[in-house]
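Input: a single structure, listed below in structure tokens.
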Amino acid sequence: MYIPRSFAQEDRETLHEFMRRNAFASLVTVEEGRPVASHVPFLLDAERGPHGTLVGHLARANPQWRGFAGEAMVVFWGPHGYVSPRWYAGAPNVPTWNYAVVHAYGTPRVIDDAAVALEVVRRLTDEYERGLERPWSVDEVPAEFTDKLLRAIVAFEIPIARLEGKFKLNQNKSAADRAGVVAALAGENEPLAELMRRLPAND
């Protein structure tokens, strides 16, 4: 990924927080010289390995898992949006697009242990049910139903070999320019405005 120095984000904790907040990501692998992508909710085990380990699952009918070999890329997208030149305090300026993204790289490994695969499903469910008024649990369904579910999926993990973060949020602009963009985005694109408020300026 092309990352100008102004937009590079290298802090491990910041990258991990971003990945947790934007955990529905794109898994990209290469099979017979062609890119293949699936869109998957991930869990991050931050303390497993120097950069953490990603855990997820694919439908067994999805052929991508059969081609797991070599390095994969997982793309975590955050808030993004158009920025008009009229929002800056100064001039001249041109239109741009603000966004934040993290790439995680590593070699996927299929999890063959049914008990571990069930734990992956349980953890994913617990993570996304948390905070609901009546959280649902995998344990609410009969064991034979769960067994059928596990036969229909393939759990996998990706030890992260390296991380790249690009937060392109007007860090190369003045404080007045950034304030103008945040003001224009507020309400219309509050997630992007909030990310810009939390990001320290470079000036």
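The values are calculated or read from the model by the stated rules, or taken from the named source; none is laboratory data. For clarity, every value in this text was computed on a predicted model and none was experimentally measured. We place every Cβ from the backbone using ideal geometry, glycine too, and count neighbours over all the protein chains shown.
Summary of computed values
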{"read-out": "Filter pass, residue 122 being over 17 Å from residue 22 (Cα atoms), in contact (Cβ under 8 Å) with a residue 60 or more places away in the chain, out of contact with any strand residue (DSSP E or B) (no Cβ under 7 Å at 6 or more places or on another chain) and not polar (S, T, N, Q)", "value": "no"}
{"read-out": "Count - residues of region 154-203 that are buried (at least 17 other Cβ atoms within 10 Å of the Cβ), without any contact (Cβ under 8 Å) to a residue 60 or more places away in the chain and among the basic types (Lys, Arg)", "value": "1"}
{"read-out": "Residue, surrounded by the most Cβ atoms within 10 Å (Cβ to Cβ), within region 101-114, restricted to residues that are more than 17 Å from residue 19 (Cα to Cα) and either within 18 Å of the chain's Cα centre (by Cα) or modelled with pLDDT of 90 or more (or both)", "value": "108"}
{"read-out": "Residue check for residue 12: under 30 Å from residue 178 (Cβ atoms), out of contact with any Pro (no Cβ under 7 Å at 6 or more places or on another chain) and surrounded by fewer than 16 Cβ atoms within 10 Å (Cβ to Cβ)", "value": "yes"}
{"read-out": "Residue in region 127-150 that is in contact (Cβ under 8 Å) with a residue 40 or more places away in the chain, closer than 18 Å to residue 45 by Cα, surrounded by 12 or more Cβ atoms within 10 Å (Cβ to Cβ) and under 24 Å from the mean Cα position of the chain (by Cα) present", "value": "yes"}
{"read-out": "Region 1-36, residues that are farther than 18 Å from residue 160 by Cα and of a type outside the set (Lys, Arg)", "value": "2, 3, 4, 6, 7, 8, 31, 32, 33, 35, 36"}
{"read-out": "Unique residue being modelled with pLDDT under 95, among the hydrophobic types (A, V, I, L, M, F, W, C) and over 20 Å from residue 40 (Cβ atoms) when the list is 117, 69, 89", "value": "89"}
{"read-out": "Hey, residue 180 more than 30 Å from residue 61 (Cα to Cα), in contact with a strand residue (DSSP E or B) (Cβ under 7 Å, 6 or more places away or on another chain) and modelled with pLDDT of 95 or more or not", "value": "no"}
